[in-house]
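**Q** Pasting a structure below so you can have a look.
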Amino acid sequence: MPNIRLLLLLPAAILAGCTSVTQAPEFVARVERIERTRLEHSVRALDEIGPRPIEDSAATLRTTTWIREQLEEWGYVVTEEEVTRSAQTGRFTAQVRRADAGPGAETTEIELPASFASYGPRVRAAASRRLRADGWDVEGYSLSGGGRTAAPHIAPNLFAQVRGTEHPERIIEVSAHYDTVPGSSGASDNSSGVAVVLELARVLADATPRKTIRFCFFAAEEAGLLGGRVHVENITRADAPVLEALINLDSIGHATDAPDSQDAPLRIPLIAWIPTTGDFITVIGTNASGWLGNVFEAAADAYVPKLNYYSVNRLGGYFADARRSDHAPYWDADIPAIFLTDTGEFRSDTYHTHDDTAETIDYEFLHRVARATAAALLELTVR
Ligand SMILES: [Zn+2]
């Protein structure tokens with residue numbers, strides 16, 4: 001999209017230098033394995049689950065089970081990271097009876113970690129399974145004393161990865177949050193992102209990258225980027241492997257050719273003039289992640305020339321609206337990250353409403369974004 005890029009930040013463009021990519025035939029073959037119908041199927045499946053805010057542990061469990069099952073079908077080992085919204089104190093106990101002692105047996109109490117009191121049904125079900133395995137029948141749970149700092153909710157970040165053959169300790173992540181705001185099934189925000197990351201996992205399952213590719217499904221983005229924050233805490237521990245970069249996809253399903261369909265948080269002539277037609281994906285990065293934005297844009301040029309993009313790949317750090325997803329804690333931790341988005345409410349009037357449904361998604365646009373992201377990942381990890 002040279003015409004759009006020319007409008008961009010001239011000084012930044014000069015600083016950014018030039019990244020060019022030539023198509024590799026084996027990459028083309030893999031990129032073209034991405035199926036538009038599968039993307040649509042995923043968005044519709046998540047629509048059927050409906051709203052899945054962190055407060056709704058049943059919908060959260062349905063969502064994570066659905067994601068996990070697909071990844072496992074493609075041969076991945078899925079790992080989890082716990083995201084809690086609050087800390088629980090007090091005495092949390094299970095009321096149990098010996099399973100072999102018959103119905104008249106006396107009830108006794110087993111104390112469990114207080115944090116279990118604030119967990120969703122998944123953790124409690126697992127606790128019950130462990131107690132049953134130890135020969136107990138569980139009659140119920142109770143909490144006495146203590147309190148909690150905020151609403152008691154938990155949800156897992158989910159991960160799957162393709163291990164690098166040469167540098168397994170060097171990791172490139174691609175992420176999407178799977179939660180929604182209450183009352184919205186979130187087709188664009190962010191079933192669109194989840195659908196793409198799942199499809200990337202499917203077509204890359206048998207790839208042999210030099211570096212590790214990790215697929216991330218974040219919890220509780222809408223509750224204050226909790227999933228991304230927790231993950232960044234873990235990956236920045238001293239003994240953690242080197243995380244080289246993140247590509248974060250959030251709200252990537254809406255596009256239109258209608259004139260004047262695109263608003264902007266601000267427009268500065270010659271500096272940041274977001275186009276007025278909302279038919280592009282926005283590539284947002286910071287100065288430190290400009291190289292990563294360059295790789296994505298060069299991959300899009302080479303492999304999916306029909307994908308329009310608008311590049312803010314070095315100046316995102318200066319706009320508050322550019323921080324509104326899970327990549328922001330990465331930026332804070334100095335990990336290169338780019339944010340791909342359709343700009344949410346600057347383009348869509350269904351943003352965060354119950355009208356953000358599968359019918360509103362532009363699947364051709366989503367297919368292009370998915371293929372460009374696949375090409376970028378291949379360029380980053382295989383070449
Ligand atoms: Zn979102």
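**Q** Criterion first (part of a loop (DSSP other than H, G, I, E, B), of a type outside the set (D, E, K, R) and within 16 Å of the ligand (Cβ to nearest atom)) does G278 satisfy it? Can you show your working first?
**A** On the way: part of a loop (DSSP other than H, G, I, E, B): yes; of a type outside the set (D, E, K, R): yes; within 16 Å of the ligand (Cβ to nearest atom): no.
For G278, the condition - part of a loop (DSSP other than H, G, I, E, B), of a type outside the set (D, E, K, R) and within 16 Å of the ligand (Cβ to nearest atom) - is not met.
**Q** Taking only the stretch 312-329 into account, find how many residues are in contact with a helix residue (DSSP H, G or I) (Cβ under 6 Å, 6 or more places away or on another chain) and part of a helix (DSSP H, G or I).
**A** 3
**Q** Could you figure out which of (1) modelled with pLDDT of 95 or more; (2) within 13 Å of the ligand (Cβ to nearest atom); (3) more than 19 Å from V312 (Cβ to Cβ); (4) among the small types (G, A, S) isn't true of A195?
**A** Every listed condition holds for A195 apart from (2).
**Q** Give just the number: which of (1) modelled with pLDDT of 95 or more; (2) surrounded by 21 or more Cβ atoms within 10 Å (Cβ to Cβ) does A207 not satisfy?
**A** Checking A207 against (1) modelled with pLDDT of 95 or more; (2) surrounded by 21 or more Cβ atoms within 10 Å (Cβ to Cβ), the one that fails is (2).
**Q** Any idea which residue in the stretch 211-226 is modelled with the lowest pLDDT, counting only those that are touching a Pro at 6+ places or on another chain (Cβ under 9 Å) and assigned to a helix (DSSP H, G or I)? Even if it seems obvious, please write down each step before you answer.
**A** Pass one, the stretch 211-226, residues touching a Pro at 6+ places or on another chain (Cβ under 9 Å): 211-212, 217, 219-220, 222-223, 225.
Within this subset, residues satisfying the condition of being assigned to a helix (DSSP H, G or I) are 222-223.
Details: E222: 89, A223: 86.
Looking at residues that are touching a Pro at 6+ places or on another chain (Cβ under 9 Å) and assigned to a helix (DSSP H, G or I), I get A223.
**Q** Give the residue, chosen from H352, H367, that is assigned to a loop (DSSP other than H, G, I, E, B) and not aromatic (F, W, Y).
**A** Values: H367 fails: assigned to a loop (DSSP other than H, G, I, E, B).
Every option except H352 fails the conditions.
**Q** Residues being modelled with pLDDT under 85 and surrounded by fewer than 12 Cβ atoms within 10 Å (Cβ to Cβ): count how many of those fall in the stretch 102-120.
**A** Looking only at the stretch 102-120, we keep the residues that are modelled with pLDDT under 85, and these are 102-105, 112-120.
Checking which are surrounded by fewer than 12 Cβ atoms within 10 Å (Cβ to Cβ) leaves us with 102-104, 113.
Residues in the stretch 102-120 being modelled with pLDDT under 85 and surrounded by fewer than 12 Cβ atoms within 10 Å (Cβ to Cβ): 4 in total.
**Q** Something else about it: Checking G183 against (1) within 16 Å of the ligand (Cβ to nearest atom); (2) assigned to a loop (DSSP other than H, G, I, E, B); (3) within 25 Å of E82 (Cβ to Cβ): exactly one of these is not met. Which one?
**A** Unmet condition: (3).
**Q** Could you check the stretch 295-319 and list, in sequence order, the residues that are surrounded by fewer than 23 Cβ atoms within 10 Å (Cβ to Cβ) and touching a Gly at 6+ places or on another chain (Cβ under 9 Å)?
**A** L315, G317, listed by residue number.
**Q** Which one of the conditions (1) touching a residue at least 60 places away in the same chain (Cβ under 8 Å); (2) within 18 Å of A375 (Cα to Cα); (3) under 21 Å from the mean Cα position of the chain (by Cα) does I284 fail to meet, given that it meets all the rest?
**A** (1)
**Q** So if I check each of D326, D301, which one is farther than 30 Å from P241 by Cα, touching a residue at least 60 places away in the same chain (Cβ under 8 Å) and in the same structural domain as V31 (by TED's automatic domain parsing)? Show your work before the answer.
**A** Working: D326 fails: farther than 30 Å from P241 by Cα.
Unique residue meeting the criteria: D301.
**Q** When you look at A299, is it modelled with pLDDT of 95 or more and assigned to a helix (DSSP H, G or I), yes or no?
**A** Yes; evaluated as a whole, the condition is true for this residue.
**Q** Kindly indicate which of Y141, Y178 is at pLDDT 75 or above and touching a helix residue (DSSP H, G or I) at 6+ places or on another chain (Cβ under 6 Å). Can you show your working first?
**A** Working: Y141 fails: touching a helix residue (DSSP H, G or I) at 6+ places or on another chain (Cβ under 6 Å).
Within the list Y141, Y178, the selection yields Y178.
**Q** Identify the single condition in (1) at positive phi; (2) surrounded by 20 or more Cβ atoms within 10 Å (Cβ to Cβ) that A322 does not satisfy, given that it satisfies every other one.
**A** (1)
**Q** Which is crowded, with 24+ Cβ neighbours inside 10 Å and away from the ligand (no atom under 15 Å from the Cβ), of A160, A176? Give the derivation first.
**A** Values: A176 fails: away from the ligand (no atom under 15 Å from the Cβ).
Sole residue among the options that is crowded, with 24+ Cβ neighbours inside 10 Å and away from the ligand (no atom under 15 Å from the Cβ): A160.
**Q** Being within 16 Å of the ligand (Cβ to nearest atom), assigned to a loop (DSSP other than H, G, I, E, B) and not acidic (D, E) is the filter here; which residues of the stretch 330-349 pass it?
**A** T343, R347, S348
**Q** Residues T79, T89: which one is among the polar types (S, T, N, Q), within 30 Å of G135 (Cα to Cα) and at pLDDT below 95?
**A** Numbers: T79 fails: at pLDDT below 95.
Answer to the selection: T89.
The values are calculated or read from the model by the stated rules, or taken from the named source; none is laboratory data. Here the structure is a predicted model, which means the values were calculated and not measured. Backbone-built Cβ (ideal geometry, glycine too); neighbour counts: all protein chains shown.
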